[in-house]
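One structure is given here, and the rest of the page talks about it.
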Amino acid sequence: MIQLYKRMQRMREKYVDTLAKLYEYATTVYSKNQYTQWYDTKEGGYTYSSFKAKCDGLSKKLTQYGIGAGDKVAILSQSMPNWSVAFFSIVPFGRIAIPILPDSSVNEVTNILEHSESKVIFVSQKLASKVTQECRDKMTLVIDIDTFEVIKADEARFTCDGRTTVPTPDDIATIIYTSGTTGSAKGVVLSHRNLASNVITCYHSCKRSEKDRWLSVLPMAHTLEMTLSMLYPMYCGATVYYLPKPPVASLLLKALPIVKPTTMLTVPLIIEKVYKGSVLPTIRKSRTLTWMNEHMNGLMCKIIGMKLKKTFGGKISFYGIGGAKLDPEVENFLLKANFPYAIGYGLTETSPLLGYSMKGWRAVGSFGYPVYNVKLKLHNVNPETGEGEVVAKGPNVMLGYYKDPARTKSVFTEDGWFRTSDIAVQDEKGRYFIKGRNNNMILGPSGENIYPEEIENVINNVEGVSESIDRSLKLLKTDVIDLIQIHFGPDSEGTLDRGETLRAMQDARKAGKVRYLGASIDGDLAKRCIMMGDFDVMQMGYNLFHQANAENIRLCKERGMGVLIRSGLGNGLLTPRVAQNLDRLGERDRAKAEKLLKLVEGDTELLTALGLHFLYENEGISSVIVGTKKPANVAKNVELLSRDLPEGLLEKAKAAVSE
């Protein structure tokens with residue numbers, strides 16, 4: 001019986017060499033199974049048979065408008081059951097899918113549509129504003145992915161001659177655009193063989209069946225989610241559940257006990273937030289757990305691990321983590337807690353899996369060994385450190401970058417190995433440990449290799465530090481890091497007494513690895529930092545009625561330190577939703593806020609304009625640029641700053657908040 005089962009599996013693997021065959025196999029063998037649905041209802045979801053009927057019908061619609069094999073069809077949508085319908089109305093018929101990440105900007109969407117020469121786009125109602133009118137005018141079809149209704153059609157192209165073909169393994173299935181480390185867009189061309197082979201790799205790495213349940217939390221345009229949470233469940237006949245909104249903690253806690261997932265794919269951030277936001281505070285608040293943490297750490301981790309599994313629905317047997325390196329402290333806890341996590345390593349260019357680490361051979365900081373049917377090795381190994389670039393070979397490696405032969409050539413060695421740009425070492429058991437990116441490596445003053453990722457990791461592990469802001473990390477390839485800016489969380493009072501953050505940062509500056517140190521801190525802790533001279537740049541909050549940092553700002557300017565202000569629309573108090581944020585304020589500040597709201601008669605935009613005028617007209621901070629992370633908000637700030645205030649309003653506001 002076992003031999004017959006293995007023979008059937010080998011036959012399936014041999015048969016499924018394109019996504020068209022995967023589509024036919026799954027919708028035939030698992031026709032009665034549920035394939036996709038929302039986490040709380042089957043409405044809007046599909047069985048494998050209804051899924052096929054819907055995909056075939058949409059493919060016919062594309063054919064009527066002349067969209068045939070080789071034509072590009074874009075998908076811009078948040079994750080939902082209809083996303084996979086759109087994808088499989090394209091790919092099995094020889095067309096090429098162009099998935100676009102939902103957080104792409106309008107410019108990025110426009111560039112991708114133009115570079116890929118897409119003729120059709122499936123777009124969700126939520127993201128429709130990101131498709132410009134100019135782009136729509138160039139499209140043959142614009143289809144609402146929520147309802148599959150045609151928003152716009154070029155009736156002149158209704159020719160009914162869109163010829164489809166049965167794709168071969170080496171035909172293009174999808175082109176996925178990624179900015180990469182260089183910041184310039186690149187289209188990764190993946191064939192049917194690339195994706196189909198990685199699906200089979202998934203099966204050999206962790207066997208799943210039609211009894212399994214996936215909870216999808218990542219964007220489906222990401223190769224990790226596309227391959228492991230859309231294509232692989234189809235190969236197994238399993239069910240995938242979707243969330244109607246981004247996977248915030250409140251929604252996950254509601255969905256997990258309903259779905260009881262056996263399988264999840266996530267990025268490190270989710271489990272790191274669970275550990276730092278829930279596990280650590282629970283330990284600190286309990287005298288028993290604090291004692292156990294010091295004297296019986298292993299047992300304590302197992303007890304918390306059991307509760308953690310229950311939080312995830314009680315049935316979780318595979319919790320895959322990929323997309324970035326997991327915090328070693330968090331991984332050490334998961335290992336001791338016996339939590340069923342696995343580390344996946346790969347890139348968009350490799351469809352994506354290259355390596356994995358699962359129970360039995362896990363080691364903190366390691367991605368383990370190569371996956372099934374893939375070869376890995378270290379290239380140009382440094383004999384002193386053992387460090388080398390990870391290079392790969394396998395059927396999952398991309399065909400190349402779309403319309404970019406020079407870049408394609410640059411990422412392959414002369415003998416055909418794909419260069420990942422990741423620098424790694426191997427231990428005595430052959431397991432791989434990533435040290436950093438080749439492009440990010442900095443040559444120190446003594447000739448040593450310095451990896452910014454390691455500096456960030458040290459800083460991130462300090463209590464009270466919520467994250468090191470890598471967006472502010474500018475790498476000068478010739479020598480050193482220009483600036484590291486650290487954000488201290490709201491419960492960080494006293495953090496500096498521990499010394500870990502300062503020592504890590506100051507040592508890096510003394511060694512010439514970092515030019516400037518910055519910190520985002522408020523109140524008394526900020527004042528202490530300024531007086532001690534620990535940082536070169538300080539980022540602080542400042543608004544109309546809460547001026548606790550006014551003295552700090554003056555101190556910074558007296559000492560020649562740089563100042564950044566968090567204010568305007570990005571501030572939690574000067575926002576069009578200010579009335580909803582009153583409960584976040586202390587009693588004194590709430591009273592001031594209520595006075596100001598009454599003064600502007602509830603006009604929150606006027607309140608914001610008032611706050612900006614107040615900020616700019618105060619001595620010592622008149623030259624500070626006020627902005628937020630979102631360009632649209634910066635533009636709004638400028639607009640509000642130029643707004644004329646009613647006569648006498650500013651003086652009345654100053655008097656109201658000074659009482």
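The values are calculated or read from the model by the stated rules, or taken from the named source; none is laboratory data. Only a predicted model underlies this, so the values are computations on that prediction, with no experimental measurement involved. All Cβ positions, even for glycine, are placed from backbone atoms using ideal geometry, and neighbour counts span all protein chains on display. For accessibility, only protein heavy atoms count, side chains too; no ligands or nucleic acids. Shrake-Rupley method; radii C 1.70, N 1.55, O 1.52, S 1.80 Å.
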Inset, instruction - Hey, can you tell me all the residues within region 31-62 that are open to solvent by less than 10 Å² (accessible area, probe 1.4 Å) and within 27 Å of the chain's Cα centre (by Cα)? - result: 35, 36
Inset, instruction - Check region 275-286 and report whether any residue there is more than 19 Å from the chain's Cα centre (by Cα) and of a type in the set (D, E, K, R). - result: yes
Inset, instruction - Considering only residues that are assigned to a loop (DSSP other than H, G, I, E, B) and surrounded by 13 or more Cβ atoms within 10 Å (Cβ to Cβ), look in region 171-184 and name the one that is modelled with the highest pLDDT. - result: 171
Legend entry - Single residue of 343, 321 found to be free of Cβ contacts under 8 Å to residues at least 40 places away in the same chain and under 18 Å from the mean Cα position of the chain (by Cα): 343
Legend entry - Test result for residue 126, over 27 Å from residue 160 (Cα atoms), out of contact with any strand residue (DSSP E or B) (no Cβ under 6 Å at 6 or more places or on another chain) and among the basic types (Lys, Arg): yes
Legend entry - Of residues in region 349-381 being among the aromatic types (Phe, Trp, Tyr), out of contact with any helix residue (DSSP H, G or I) (no Cβ under 9 Å at 6 or more places or on another chain) and buried (at least 17 other Cβ atoms within 10 Å of the Cβ), the one farthest from residue 223 (Cα to Cα): 369
Inset, instruction - Scan region 155-169 for residues that are of a type in the set (Gly, Ala, Ser) and part of a loop (DSSP other than H, G, I, E, B) and jot them down. - result: 162
Inset, instruction - Determine which member of the set 434, 423 is modelled with pLDDT under 95 and either open to solvent by less than 30 Å² (accessible area, probe 1.4 Å) or basic (Lys, Arg) (or both). - result: 423
Inset, instruction - Could you pull out the residue among 65, 25 that is surrounded by fewer than 24 Cβ atoms within 10 Å (Cβ to Cβ), modelled with pLDDT of 95 or more and either over 20 Å from residue 170 (Cβ atoms) or among the acidic types (Asp, Glu) (or both)? - result: 65
Inset, instruction - Inspect region 58-75 for any residue being out of contact with any strand residue (DSSP E or B) (no Cβ under 9 Å at 6 or more places or on another chain) and within 26 Å of residue 263 (Cα to Cα) and give the result as yes or no. - result: no
Inset, instruction - Could you run through region 233-254 and say how many residues are more than 17 Å from the chain's Cα centre (by Cα) and open to solvent by 10 Å² or more (accessible area, probe 1.4 Å)? - result: 7
Legend entry - Tally, over region 309-336, of residues that are touching a Ser or Thr at 6+ places or on another chain (Cβ under 9 Å) and among the aliphatic types (A, V, I, L, M): 2
Inset, instruction - Check whether at least one residue in region 282-291 is at negative phi and in contact with an Asp or Glu (Cβ under 9 Å, 6 or more places away or on another chain), and report yes or no. - result: no
Inset, instruction - Inspect all residues belonging to region 144-154 and state whether any of them is in a strand (DSSP E or B), open to solvent by less than 40 Å² (accessible area, probe 1.4 Å) and over 19 Å from residue 20 (Cβ atoms). - result: yes
Inset, instruction - Show the residue pairs that are 6+ apart or on different chains and have beta-carbon atoms under 9 Å apart, the first residue being within region 253-268 and more than 29 Å from residue 365 (Cα to Cα), the second being assigned to a strand (DSSP E or B) and open to solvent by 50 Å² or more (accessible area, probe 1.4 Å). - result: 259/213
